[in-house]
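Below you'll find the structure, written out as structure tokens, and then a few comments.
The values are calculated or read from the model by the stated rules, or taken from the named source; none is laboratory data. Only a predicted model underlies this, so the values are computations on that prediction, with no experimental measurement involved. Please note: Cβ atoms are built from the backbone with ideal geometry, for glycine as well, and neighbour counts cover all protein chains shown.
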Amino acid sequence: MQPITFAEFTLPNGLHCIVHENHTVPIVAIDLWYHVGSKNERPDRTGLAHLFEHMMFQGSRHVGKTEHFAYIQRAGGTLNASTNEDRTNYFETLPSNQLELALWLESDRMMSLDISAENFENQRQVVKEERQMRYDNAPYGTVYEHLHQRAYFQHPYRWTTIGSMAHLDAATLEEAQEFFKTYYVPNNATLVLSGDLTVEEAEKAVMRYFGDIPSGKEITRPTDFDLPLTTEVRDTIYDHVELAGLFMAYRICDVKNPDADVLGIIDHILAGGRSSRLYQNLVHSKQIAQSVSALAAPREHPGLFFINAIAAQGVSLSEIEHEIDTELQRLIAGQLSEEELQKAKNSYETRLLKSFSTAMGIADNLAYFHTFFGNAAEINRELERATSVSLSDVQRVAQQYFANAGRVVLYWLPKTKVITS
């Protein structure tokens with residue numbers, strides 16, 4: 001992969017801008033990251049960060065309600081937004097001659113978002129409906145909420161980004177306005193422009209649209225302190241599902257720890273496709289599971305490693321758990337060949353390279369490394385870090401995170417007929 005070249009500058013108000021030039025096609029990606037997620041919320045006001053993902057499309061001084069979508073789509077562009085524990089981002093891809101349209105839209109809502117009582121109440125109801133549809137009324141929809149609640153004791157990762165509807169109901173308009181005033185400020189934002197533009201025109205346009213926005217106050221951020229997860233937390237949940245599910249979570253490192261790259265390789269070894277260990281064992285060979293997955297999810301602070309399996313009809317979850325534990329013990333014991341490791345690294349590399357295949361993919365990676373590593377240049381070391389993982393690295397990391405008793409194990413059982421194990 002050719003190195004990703006870019007330039008950086010910071011406005012006097014603290015807005016950090018990264019520019020990647022690529023004149024292959026006449027498009028430009030605009031990716032604006034605010035360094036705020038659900039971990040910045042109060043324990044009694046969860047869900048506000050995600051609420052603002054919706055609020056940001058409700059209009060500002062010069063843009064009417066939902067007109068942000070109309071402007072971008074009429075210009076031939078696409079747009080969306082997302083929220084996680086650590087950040088919220090807003091992004092558009094447009095023909096490159098429409099760059100200033102996107103900057104005008106983003107700057108107008110950063111400067112003057114319409115946080116009225118009407119908009120706040122309207123979007124509060126939208127989020128409540130989203131929670132019912134995607135979480136409360138979806139099969140296995142609250143799995144990750146239950147896992148996080150048990151995997152953390154004090155850290156704000158113990159709640160998920162959708163938050164609590166009771167907390168949102170209790171939130172006041174003044175609290176929402178204060179949340180915006182605190183976090184949606186230039187000095188808490190990273191703006192990445194990627195594609196068919198020059199650094200010179202980017203600097204002029206960004207200064208024109210964002211230069212007059214006042215800087216916010218210095219932000220107090222949560223620390224990564226939590227009690228260690230040293231014992232197994234085991235629970236059984238009964239839900240409206242057809243098949244039993246096994247859901248496991250291990251506490252792991254943060255994204256800057258070199259172990260994060262090794263854990264990314266391990267999730268490919270365990271469940272990265274049909275030739276992976278768990279798929280071959282549980283789904284293909286023994287046919288005791290309908291599906292199986294593994295995911296390393298390091299965050300800005302120590303994250304989680306998930307292993308999930310949906311059982312075949314009539315199979316006990318204890319049997320599936322035993323097989324998963326056996327595969328983990330094999331990794332802990334160093335039972336891994338160079339060939340299997342290389343296959344996992346190839347799969348990991350393919351996924352990584354796909355993320356660099358678009359202007360928006362590059363923009364997102366640049367924003368990620370600047371926000372969480374403090375250095376966007378880490379984008380050019382990501383592939384090297386992953387491909388240099390050795391057999392001894394895999395064994396050491398497996399021993400570090402999977403050999404102790406600390407984990408969460410959930411048995412997710414159908415309400416109508418209990419499967420004993």
**Asked** Which one of these is touching a strand residue (DSSP E or B) at 6+ places or on another chain (Cβ under 9 Å), surrounded by fewer than 21 Cβ atoms within 10 Å (Cβ to Cβ) and under 20 Å from Glu85 (Cα atoms): Thr182, Thr142?
**Response** Thr142
**Prompt:** Of all residues in region 290-327, which are touching an Asp or Glu at 6+ places or on another chain (Cβ under 6 Å) and acidic (Asp, Glu)?
**Reply:** Glu300
**Message:** Given the criterion surrounded by 15 or more Cβ atoms within 10 Å (Cβ to Cβ) and modelled with pLDDT under 95, identify the matching residue among Glu378, Glu349, Glu323, Glu327.
**Reply:** Glu349
**Prompt:** What pairs can you find where one residue is in region 68-86 and touching a residue at least 60 places away in the same chain (Cβ under 8 Å), the other is in a loop (DSSP other than H, G, I, E, B) and of a type in the set (Gly, Ala, Ser), and their Cβ atoms are less than 9 Å apart, with a gap of 6+ or different chains?
**Reply:** Thr83/Gly37; Asn84/Gly37; Glu85/Gly37; Glu85/Gly303; Asp86/Gly37
**Complete:** Conditions (1) touching a residue at least 24 places away in the same chain (Cβ under 8 Å); (2) of a type outside the set (Phe, Trp, Tyr); (3) not in a helix (DSSP H, G or I) -> Asn365 fails only (3)
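For (1) in a strand (DSSP E or B); (2) within 20 Å of Tyr401 (Cβ to Cβ); (3) polar (S, T, N, Q), each residue gets a yes or a no:
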site	(1), (2), (3)
Gln290	yes, no, yes
Pro302	no, yes, no
Phe305	yes, yes, no
Val315	no, no, no
Ile324	no, yes, no
**Asked** Of the residues that make up region 219-227, is at least one surrounded by fewer than 16 Cβ atoms within 10 Å (Cβ to Cβ), of a type in the set (Asp, Glu) and either touching a Ser or Thr at 6+ places or on another chain (Cβ under 8 Å) or not assigned by TED's automatic domain parsing to the domain that holds Gln154 (or both)?
**Response** yes
**Prompt:** Mind checking whether some residue in region 280-287 is in the same structural domain as Leu391 (by TED's automatic domain parsing), over 18 Å from Ser318 (Cα atoms) and in a loop (DSSP other than H, G, I, E, B)?
**Reply:** no
**Asked** Just one of Leu197, Leu168 is touching a helix residue (DSSP H, G or I) at 6+ places or on another chain (Cβ under 8 Å), in contact (Cβ under 8 Å) with a residue 24 or more places away in the chain and part of a helix (DSSP H, G or I); which is it?
**Response** Leu168
**Asked** Mind checking which residues of region 100-126 are in contact (Cβ under 8 Å) with a residue 60 or more places away in the chain and of a type in the set (Asp, Glu)?
**Response** Glu100, Glu106
**Complete:** Of those in region 268-304 that are charged (D, E, K, R) and surrounded by fewer than 23 Cβ atoms within 10 Å (Cβ to Cβ), the residue farthest from the chain's Cα centre (by Cα) is Lys286
**Prompt:** Can you spot a residue in region 259-271 that is in a loop (DSSP other than H, G, I, E, B) and on the phi < 0 side of the Ramachandran plot?
**Reply:** no
**Asked** Does region 51-97 hold any residues that are closer than 19 Å to Val192 by Cβ, in a loop (DSSP other than H, G, I, E, B) and among the polar types (S, T, N, Q), and which are they?
**Response** Asn84
